[in-house]
1. Return the loop-located trypsin sites (Lys or Arg not before Pro) in segment 272-318 (DSSP other than H, G, I, E, B) with at most 11 other Cβ atoms within 10 Å of their own Cβ; answer none if there are none.
2. Please report the spacing between the Cα centers of segment 115-133 and segment 75-105 in Å, no decimals.
3. For the pair R223 and A271, how long in nm is the line joining their label points, each one 7 Å along Cα→Cβ?
4. What does the charge add up to near V268, with Lys and Arg as +1, Asp and Glu as -1, over the other residues with Cβ less than 13 Å from its Cβ?
5. Spin-label point model (7 Å from Cα, Cβ direction): what's the E41 to F107 distance in nm?
6. Which of W241, W149, W33 moves most in a GNM of the chain, Cα contacts under 10 Å?
7. Calculate how large, on average over all directions, the projected area of the Cα convex hull of the chain is; give the answer in nm² to one decimal.
8. Points 7 angstrom from Cα along the Cβ direction at R209 and N150: gap in nanometres?
Amino acid sequence: MKFSRILGTGGYLPSRVMTNADLEAIVDTTDSWIRERTGIEKRHLASEGETCCDLAEIAARRALEAAGLHPADLDLILVATTTPDQFFPSTACLLQQRLDVHGCPAFDLQAVCAGFVYAMDVADKYIRAGAAKHVLVVGAETISRLLDWNDRTTCVLFGDGAGAVVLGAADEPGIISTHIHADGAYKELLQVPGGHGNGRADLAKLEMRGNEVFRFAVTTLGRIVDETLEANGLTKDAIDWLIPHQANIRIIQATARKLDLPMERVIVTVAEHGNTSSASIPLAFDQAVRDGRIQRGETLLMEAFGGGFTWGSVLVRY
Ligand code: COA
């Protein structure tokens, strides 16, 4: 039986920082409102001309270095993104060219804020099926480009960044299980309605009914915790670390309570990063690996929720 194991992690945040105080000068908001309702203090934004692939490349190279592998060792490249550089080629193909590798499959995967969890599910299945030995999984976003900077209800919430992991085939898990779901019935609660396909490219800005999304996210993430534990016959105390999608500190706290986990066992980056969509989990993961909090052998629960709605989890023995 084959399993997949995490060999290395990497992350990258663009150098430009926007604080809540900076936002006060743009929209009718306050630092205290943003902190109290979301936990966000600042976010990083891609500079003009800096693209999703630029961020992805740095995160990917760092993950490869941590894994002790070269780009030529990869036999699958997956990029989870909602903000690709261009319609096509995919950001995964652009990244493949930057890494100077040729021939292995490379494709993007779009599940908005659950994109990284979806990509981990796909990568794990490729490895378990024997179709790949080394897979690069990147979550990378320039979500700031989809924001309406006149809309205080959304523009204060998001940031840009990229995170990456390299997975390798192993005799033992590694990835214990993945669980992904979607329900398109809720498409209107969180969306970018415009696109060339529907002739409304003029509507390419993010819209959200924040309150409804909040309630649905808390309930759904509670259920995915139960589903993940039950599928593996585990109890809450089996989880050493929660690595949640970083949308709002109150959503994160609700999931931690569900797991009876103290906040010291939860990796939280939302204050510094804001919501970086598909990049948020791999960025948080990389930070906690590099600062020594997460150790080999520990059990990690990653969970995410995003537009679609999409949601899911990854249970990992690191
Ligand atoms: N600054 C100041 N006031 C703001 C504001 C801002 N940036 N954004 C909204 N407000 C105002 C609203 O207009 C409203 O004013 P009113 O009462 O006069 O109408 C008030 O604050 C409360 O708004 P509400 O939307 O009820 O606040 P909330 O407590 O639900 O918090 C969110 C708003 C967006 C922070 C919260 O709903 C949330 O986090 N939702 C989930 C978002 C999310 O995670 N999305 C991504 C999923 S991947």
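1. R296
2. Comparing the Cα centres of segment 115-133 and segment 75-105, I get a distance of 16 Å.
3. Using points 7 Å along Cα→Cβ, the separation is 3.3 nm.
4. That works out to -1.
5. That separation, rounded to one decimal, is 4.2 nm.
6. Most flexible of the set in this elastic network: W33.
7. Its average projected convex-hull area is 15.3 nm².
8. Each label point is offset 7 Å from its Cα along the Cβ direction, giving 2.3 nm.
The values are calculated or read from the model by the stated rules, or taken from the named source; none is laboratory data. The shown structure was predicted, so the numbers you read here are calculated from the model rather than taken from an experiment. All Cβ positions, even for glycine, are placed from backbone atoms using ideal geometry, and neighbour counts span all protein chains on display. Areas reflect the complete protein model, heavy atoms only, side chains present, ligands, DNA and RNA absent. Shrake-Rupley method; radii C 1.70, N 1.55, O 1.52, S 1.80 Å.
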